[in-house]
Amino acid sequence: MQQGFNKKKIINDPVYGFVSIPSELIYDLIEHRYFQRLRRIRQLGLSNMVYPGAQHTRFQHVIGAMSLTVQAVDILRSKGIAINAEECDAVCASVLLHDMGHGPFSHTLEEVIIKGVHHEDISLAFMQRLNDELQGRLGMAIDIFRNTYHKKFLHQLVSSQVDMDRLDYLRRDSFYTGVQEGVIGHDRIIHMMNVVDDEIVIEEKGIYAIEKFLIARRLMYWQVYLHKTVIAAEELLVRILQRAKFLAGNGIELFASPAFRHFLYHTPGKADFFSNPQHLDLYSELDDSDIFGALKVWCSHTDAVLSALCKQLRDRNLPKISIQHAPYDADEVEQLKISVAQRMNISVADAAYFVFSDRVMNTAYSPEGFNINILYRNGQVQDIAEASDQYNISALAKPVTKYFLCCPKNN
């Protein structure tokens, strides 16, 4: 790290304008190669298959979330909430690093590359590694991230029902996809924040901004994150990786970068992943380009199933997908597999890569854990689901499950 170097930089963000880097610690974290990797991971996975503008990255998102955190700290301080400079640095660092554990294409391949390891666990491992390098300067940030710091409300800025992560991704994803339903009043929400009994609350005047925030979140899930064509594309990518790992497990040679090859030919469990430093080192080299670079080469692989799947995704010849509120009949799905197997001259087992059914779930507001509490002028605090005079807000607390069926278009 350069001594005497001016680290008070600004970043020109298309969503918020000029974003200032608040401290030397934050600058050093942004400059680290672990963090720079987030430039090479798309925020919205394969949503660009539907919304061509959705090319933004995890790097842009966490920079935006960090800038909102600085705003929130300033607002809370103006209302008499004690947050010292070290705590401000720590909560900003925690927000900045909370997504470092994401793998290629963000959530899409989370359970495929490494089984049973959540991206937040990997984020924590990266933070601990960085803390060692920075001689303990991230200790408080880690405590806030793990919710073990004594000021619990700081953790809520990092992870809660109305945290800086959600405020940024709704606003940013709306901007890059062009889906106006996701536009929220993030400034209004932040300015209405306060702290009561060590928990973030929203002052009464902000209730309508919160209502719009929850409705926008629900609409963005169905219109962007769980759009049926996005589901088809991402499920296709999952099956490409499953086929590749199946072939690798049977000793078949596959083109891959060194980092990607490691995870294709090895499947570390949770305990092994965190006990062996080599896994985290190689994971830090893995990004979207590793996956798509290999996928393009696999289009010419001798395995007919792998090459067919890869060509479908490369050329956006995506599976036909239908969605309904009840599970699909198992016999219907099996008949589709048999039909595809006969037409493609493959086994019924292999046809399962082309015909598959699963479910998706959307819960816009989960009152479990950290609630969104409204603070009235008389000091009363009430959950938003009870405080809102809109019936649909309480309805948003109920999970909605939909079932999908994918099969080749010409079937």
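Tabulated results
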{"quantity": "Residues within region 224-254 that are assigned to a helix (DSSP H, G or I) and farther than 21 Å from Leu313 by Cα, tallied", "calculated": "1"}
{"quantity": "Given (1) in contact (Cβ under 8 Å) with a residue 24 or more places away in the chain; (2) closer than 18 Å to Leu76 by Cα; (3) assigned to a loop (DSSP other than H, G, I, E, B), index of the condition Ile144 fails", "calculated": "(3)"}
{"quantity": "Verdict on Asp89 being of a type outside the set (Val, Ile, Thr), part of a helix (DSSP H, G or I), closer than 28 Å to Val195 by Cα and touching a Ser or Thr at 6+ places or on another chain (Cβ under 7 Å)", "calculated": "yes"}
{"quantity": "Asp331 vs. criteria in a helix (DSSP H, G or I) and surrounded by fewer than 16 Cβ atoms within 10 Å (Cβ to Cβ)", "calculated": "yes"}
{"quantity": "Yes/no for Thr267 being closer than 28 Å to Cys406 by Cα, at pLDDT below 95 and not aromatic (Phe, Trp, Tyr)", "calculated": "yes"}
{"quantity": "Region 365-402 - residue that is in contact with a Pro (Cβ under 9 Å, 6 or more places away or on another chain) and of a type in the set (A, V, I, L, M, F, W, C) and, of those, modelled with the lowest pLDDT", "calculated": "Ala397"}
{"quantity": "Tabulated pairs, region 112-132, first more than 16 Å from Phe35 (Cα to Cα), second surrounded by fewer than 16 Cβ atoms within 10 Å (Cβ to Cβ), C-beta under 6 angstrom, 6+ apart or interchain", "calculated": "Gly116/Lys270; Val117/Lys270"}
{"quantity": "Meets criteria (surrounded by fewer than 16 Cβ atoms within 10 Å (Cβ to Cβ), charged (D, E, K, R), farther than 30 Å from Leu38 by Cα and in contact (Cβ under 8 Å) with a residue 12 or more places away in the chain) for Arg343", "calculated": "yes"}
{"quantity": "The one condition in (1) touching a residue at least 60 places away in the same chain (Cβ under 8 Å); (2) not in a helix (DSSP H, G or I) that Gln135 fails to fulfil", "calculated": "(1)"}
{"quantity": "So Ser67, is it of a type in the set (S, T, N, Q), outside any loop (DSSP other than H, G, I, E, B), in the same structural domain as Leu124 (by TED's automatic domain parsing) and within 18 Å of His150 (Cα to Cα)", "calculated": "no"}
{"quantity": "Single residue of region 280-321 satisfying the filter (among the charged types (D, E, K, R) and part of a helix (DSSP H, G or I)) that is farthest from Val230 (Cα to Cα)", "calculated": "Asp281"}
{"quantity": "Residue count, region 168-198 (criterion: within 21 Å of Arg58 (Cα to Cα), hydrophobic (A, V, I, L, M, F, W, C), touching a Phe, Trp or Tyr at 6+ places or on another chain (Cβ under 8 Å) and modelled with pLDDT of 95 or more)", "calculated": "2"}
{"quantity": "Restricting region 25-38 to residues that are free of Cβ contacts under 8 Å to residues at least 40 places away in the same chain and out of contact with any helix residue (DSSP H, G or I) (no Cβ under 9 Å at 6 or more places or on another chain), the residue that is farthest from Ala93 (Cα to Cα)", "calculated": "Glu31"}
{"quantity": "Conditions (1) at pLDDT 95 or above; (2) surrounded by fewer than 20 Cβ atoms within 10 Å (Cβ to Cβ): number failed by Ile291", "calculated": "(2)"}
{"quantity": "Number of the condition not met by Ala326 [criteria: (1) under 21 Å from Phe246 (Cβ atoms); (2) part of a loop (DSSP other than H, G, I, E, B)]", "calculated": "(1)"}
{"quantity": "Hits in region 74-93 - residues which are out of contact with any Leu (no Cβ under 8 Å at 6 or more places or on another chain) and under 17 Å from Met140 (Cα atoms)", "calculated": "Ala82, Asn84, Ala85, Glu86, Cys88, Cys92"}
{"quantity": "Failed criterion for Leu214 (all others in (1) buried (at least 22 other Cβ atoms within 10 Å of the Cβ); (2) more than 22 Å from the chain's Cα centre (by Cα) hold)", "calculated": "(2)"}
{"quantity": "Matching residues, region 141-176, being of a type in the set (Val, Ile, Thr), surrounded by 19 or more Cβ atoms within 10 Å (Cβ to Cβ) and out of contact with any Ser or Thr (no Cβ under 7 Å at 6 or more places or on another chain)", "calculated": "Ile142, Val162"}
{"quantity": "Residue match in region 200-217 (condition: of a type in the set (Ser, Thr, Tyr), over 19 Å from Gly64 (Cα atoms) and in a helix (DSSP H, G or I))", "calculated": "yes"}
{"quantity": "Which numbered condition Met220 misses (of (1) in the same structural domain as His155 (by TED's automatic domain parsing); (2) free of Cβ contacts under 8 Å to residues at least 40 places away in the same chain; (3) of a type in the set (A, V, I, L, M))", "calculated": "(2)"}
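Listed here are the residues, each with its yes/no results for (1) among the small types (Gly, Ala, Ser); (2) under 21 Å from Gly178 (Cβ atoms); (3) buried (at least 21 other Cβ atoms within 10 Å of the Cβ).
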{"residue": "Lys7", "(1), (2), (3)": "no, no, no"}
{"residue": "Asp13", "(1), (2), (3)": "no, yes, no"}
{"residue": "Glu24", "(1), (2), (3)": "no, no, no"}
{"residue": "Gln43", "(1), (2), (3)": "no, yes, yes"}
{"residue": "Ala54", "(1), (2), (3)": "yes, yes, yes"}
{"residue": "Arg58", "(1), (2), (3)": "no, yes, yes"}
{"residue": "Met66", "(1), (2), (3)": "no, no, yes"}
{"residue": "Ala72", "(1), (2), (3)": "yes, no, yes"}
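The values are calculated or read from the model by the stated rules, or taken from the named source; none is laboratory data. Given the structure is predicted, the values throughout are model-derived calculations rather than measurements. No Cβ is skipped: glycine too gets one built from the backbone with ideal geometry, and neighbour counts run over all protein chains shown.
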